[in-house]
Structure formats: structure tokens, C-alpha cells
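Enquirer: Mind looking over this structure? Questions follow.
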Amino acid sequence: MGPAKLPRIIYYPPPLGIMAVLIRDFFMHDLLIAPSLLSADCARLGEEAVRVLEAGGNMLHLDVMDNHYVPNLTFGPLVCEALRNYGIKAPIDVHLMAHPVDRLIVDFAKAGASYITFHPECSEHVDRSLDLIRKHGCKAGLALNPATNLHCLEYVWDKLDLILIMSVNPGFGGQQFIPSTLTKLKKTRALIMESGKDVRLAIDGGIKVDNIADVAEAGADTFIVGSAIFTQPNYAKVITDMRQELARDLHGKA
Ligand code: DX5
Ligand code: ZN
């Protein structure tokens with residue numbers, strides 16, 4: 001899935017640098033850009049999904065909001081199913097901003113979700129909900145709000161495929177990136193390395209061409225991008241510019 005990882009090792013001063021990058025790369029995945037359909041033209045969602053994937057998006061991000069956990073109301077399982085019926089084959093990353101989650105987990109799994117990510121405070125039994133996602137054949141993720149502590153990861157490493165760090169408060173597209181997220185990303189990346197587990201690290205909120213390299217450097221490997229793509233006429237240009245920034249970060253700093 002997604003483009004091949006660029007070689008970082010040759011740009012880093014040896015020998016300690018090479019070791020550092022080798023260790024980091026061992027735990028890093030390919031870099032994926034996941035367009036968030038929240039900012040797409042919802043009257044033409046299928047077309048928008050096809051267009052943004054053809055423009056270079058690697059997986060679709062579907063923000064599920066319930067007007068309860070967050071003050072907004074968006075997509076249900078039937079939208080996910082409709083995208084599959086429309087012919088979308090790319091992975092669909094369902095981000096549940098809803099409470100409770102277990103019923104939605106089952107419904108979205110049946111509707112064709114690939115990843116299902118929820119906020120730990122939205123489940124009374126986080127461990128059980130993570131199990132439920134995997135039992136239904138999906139990859140499981142936890143989403144952490146800007147003020148949510150990383151402690152909730154401690155006892156569930158075996159059940160995690162993805163950690164989503166929110167760089168805005170959940171509920172709306174088009175918000176400003178919260179800078180303290182960079183520190184949190186670095187800490188999360190260090191925890192992933194320490195765990196030795198194969199876990200993706202996603203960043204969600206306020207990602208643009210001019211900050212994507214910084215979040216990559218801080219450890220993110222999956223970039224959820226809504227308004228920065230869908231407010232522009234040429235999706236491919238934004239995604240190409242982002243890829244160039246990511247390559248520049250790898251070549252310049254790695
Ligand atoms: C916010 C959502 C995000 C949102 C990102 O609650 O989880 O996925 O779509 O949108 P931008 O990129 O516009 O911040
Ligand atoms: Zn999201």
C-alpha cells in the first residue's frame with residue numbers, strides 16, 4: 001500500500017546517525033496521505049473520492065461525528081457502504097468521534113471499513129472495543145485528543161494497529177494546527193519504538209504543505225488532510241507538493 005519509502009540513511013552523518021536512522025526506519029512505515037472526506041463536496045462524494053485517490057491520496061479518511069461526543073453530525077455506515085458500492089477499493093480509515101462505539105464498530109466493519117479508530121473516552125471497555133474491531137477483520141486504532149494523555153496506550157500495545165494523534169480538537173475541518181502536538185508525536189514515536197510493535201502513527205488536523213515535513217520529522221507516517229486538499233482546485237498539485245515536502249525532509253534532515 002502506498003509509495004515506497006525513500007532511503008534516508010545516506011544523508012545522515014555516520015556512524016551514530018546511521019544507527020539512529022536505521023533504528024527509526026525499522027519502526028517506520030511508508031508515508032501515507034489520507035484525504036479526509038469531511039472537506040469534500042458531499043453532494044458528489046463518490047466522484048470526490050475517486051478524484052482524490054487518482055490525485056495521489058493513499059487511503060480515504062471518514063470522520064464520523066455524532067453531535068454528542070463532538071458538536072457536529074456527519075457520516076454513518078451507509079456512506080461507507082455507498083463508497084464501496086461506488087467502486088472504491090482503497091483502504092477506508094473510519095475515525096469514530098462518537099459515543100458509544102461498539103455498535104458502530106460492527107456496522108462500519110460490515111460496511112467495508114479497513115481501519116476503525118475510536119477515542120478511548122468513548123468506550124467503557126477500550127480493550128474489548130479494540131478486540132471487537134480486529135474480530136471483525138479491521139485494523140484497530142486509538143485517537144488521542146490534544147489534551148489526552150499517552151498513558152491509555154500502556155496496556156493495549158498488542159491490540160493496536162494505529163495511533164491517531166489529534167492536532168486540533170475534534171469536530172470540524174479547517175482548524176489551526178496546535179504546535180504542542182509535535183512534542184506529543186515525538187513521545188508517541190518513542191513509545192512505538194520502545195514497544196517494538198508494528199503500529200502506524202497518524203496525525204489529524206491542520207496539516208498543510210508548509211507543516212507536513214515538521215510532523216513527519218516528529219514521527220508521523222500517516223497524514224490526514226482535509227481542507228488543505230479539498231479547498232484547492234487541483235488536488236494532485238497539493239498532494240504532489242506534500243510529497244515533495246516529505247522527500248525534502250527525508251533528504252535534508254534524515
Ligand atoms: C477533525 C477531523 C479531521 C478533519 C481534518 O475532527 O478528525 O479529520 O477532517 O481536517 P483539516 O485537514 O481541514 O484540519
Ligand atoms: Zn479525522
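Enquirer: Could you list, ordered by first residue, the pairs with Cβ atoms under 8 Å in which the first is in region 185-201 and of a type in the set (Val, Ile, Thr) and the second is assigned to a helix (DSSP H, G or I), at least 6 apart or interchain?
Expert: Going by the 8 Å Cβ cut-off, the qualifying pairs are THR188/LEU150; THR188/LEU153; ILE192/PHE27; VAL199/TRP157; VAL199/ILE192.
Enquirer: Shifting gears a bit: Out of the residues in region 64-79 that are in contact with a Phe, Trp or Tyr (Cβ under 7 Å, 6 or more places away or on another chain) and under 19 Å from ILE224 (Cα atoms), which is least open to solvent (accessible area, probe 1.4 Å)?
Expert: VAL64
Enquirer: Mind checking which pairs have a first residue in region 221-243 that is without any contact (Cβ under 8 Å) to a residue 40 or more places away in the chain and closer than 20 Å to ALA143 by Cα and a second that is within 12 Å of ligand 1 (Cβ to nearest atom) and in a loop (DSSP other than H, G, I, E, B), Cβ under 8 Å, 6 or more apart or different chains?
Expert: Here the result reads none, with nothing in region 221-243 linked to a residue that is within 12 Å of ligand 1 (Cβ to nearest atom) and in a loop (DSSP other than H, G, I, E, B).
Enquirer: Right, next: Restricting attention to region 146-164, which residues are more than 27 Å from LYS110 (Cα to Cα) and within 16 Å of ligand 1 (Cβ to nearest atom)?
Expert: PRO146, ALA147, THR148
Enquirer: What pairs come up if the first residue lies in region 124-153 and is of a type outside the set (Ser, Thr, Tyr), the second is modelled with pLDDT of 95 or more and open to solvent by 70 Å² or more (accessible area, probe 1.4 Å), and their beta carbons are under 6 Å apart, counting only those six or more places apart or on different chains?
Expert: Close Cβ pairs (under 6 Å, with a partner that is modelled with pLDDT of 95 or more and open to solvent by 70 Å² or more (accessible area, probe 1.4 Å)) amount to ALA140/ARG134.
Enquirer: Return the total of residues in region 110-138 being in contact with a Lys or Arg (Cβ under 6 Å, 6 or more places away or on another chain) and away from ligand 2 (no atom under 16 Å from the Cβ).
Expert: 2
Enquirer: Additional query: Is region 97-109 home to any residue that is touching a helix residue (DSSP H, G or I) at 6+ places or on another chain (Cβ under 9 Å), open to solvent by less than 10 Å² (accessible area, probe 1.4 Å), not aliphatic (A, V, I, L, M) and not in a loop (DSSP other than H, G, I, E, B)?
Expert: Yes.
Enquirer: Based on what the data block shows, is HIS29 modelled with pLDDT of 95 or more, touching an Asp or Glu at 6+ places or on another chain (Cβ under 9 Å) and not in a helix (DSSP H, G or I)?
Expert: no
Enquirer: Taking GLY141 as the residue in question, decide whether it is open to solvent by less than 10 Å² (accessible area, probe 1.4 Å), within 12 Å of ligand 2 (Cβ to nearest atom) and either of a type outside the set (Gly, Ala, Ser) or in a loop (DSSP other than H, G, I, E, B) (or both).
Expert: So GLY141 does not fit the description; no.
Enquirer: Do we find a residue being more than 16 Å from ligand 1 (Cβ to nearest atom), open to solvent by less than 30 Å² (accessible area, probe 1.4 Å) and either part of a loop (DSSP other than H, G, I, E, B) or closer than 19 Å to ILE33 by Cβ (or both) anywhere in region 120-138?
Expert: Yes - at least one qualifying residue is present in region 120-138.
Enquirer: Open to solvent by 30 Å² or more (accessible area, probe 1.4 Å), over 20 Å from CYS138 (Cβ atoms) and in contact with a Leu (Cβ under 9 Å, 6 or more places away or on another chain) - does that describe any residue in region 45-62?
Expert: Checked region 45-62: no residue is open to solvent by 30 Å² or more (accessible area, probe 1.4 Å), over 20 Å from CYS138 (Cβ atoms) and in contact with a Leu (Cβ under 9 Å, 6 or more places away or on another chain).
Enquirer: Do we have LEU185 as assigned to a helix (DSSP H, G or I) and either more than 16 Å from ligand 1 (Cβ to nearest atom) or over 16 Å from the mean Cα position of the chain (by Cα) (or both) here?
Expert: no
Enquirer: Could you tell me whether region 195-207 includes any residue that is outside any loop (DSSP other than H, G, I, E, B), modelled with pLDDT of 95 or more, open to solvent by less than 10 Å² (accessible area, probe 1.4 Å) and more than 16 Å from ligand 2 (Cβ to nearest atom)?
Expert: no
Enquirer: Please state which one of SER180, SER227 is more than 20 Å from ILE116 (Cα to Cα), hydroxyl-bearing (Ser, Thr, Tyr) and surrounded by fewer than 14 Cβ atoms within 10 Å (Cβ to Cβ).
Expert: SER180
Enquirer: With the requirement that a residue be part of a helix (DSSP H, G or I) and without any contact (Cβ under 8 Å) to a residue 60 or more places away in the chain, what does region 208-220 give you?
Expert: Once the filter is applied, which keeps residues that are part of a helix (DSSP H, G or I) and without any contact (Cβ under 8 Å) to a residue 60 or more places away in the chain, region 208-220 yields ILE212, ALA213, ASP214, VAL215, GLU217.
The values are calculated or read from the model by the stated rules, or taken from the named source; none is laboratory data. Just so we're clear, the structure is a prediction, and the values are computed from it rather than from any experiment. Every residue, glycine among them, receives a Cβ derived from its backbone with ideal geometry; neighbour counts consider all protein chains shown. Surface accessibility is based on the protein's heavy atoms, side chains included, excluding ligands, DNA and RNA. Shrake-Rupley method; radii C 1.70, N 1.55, O 1.52, S 1.80 Å.
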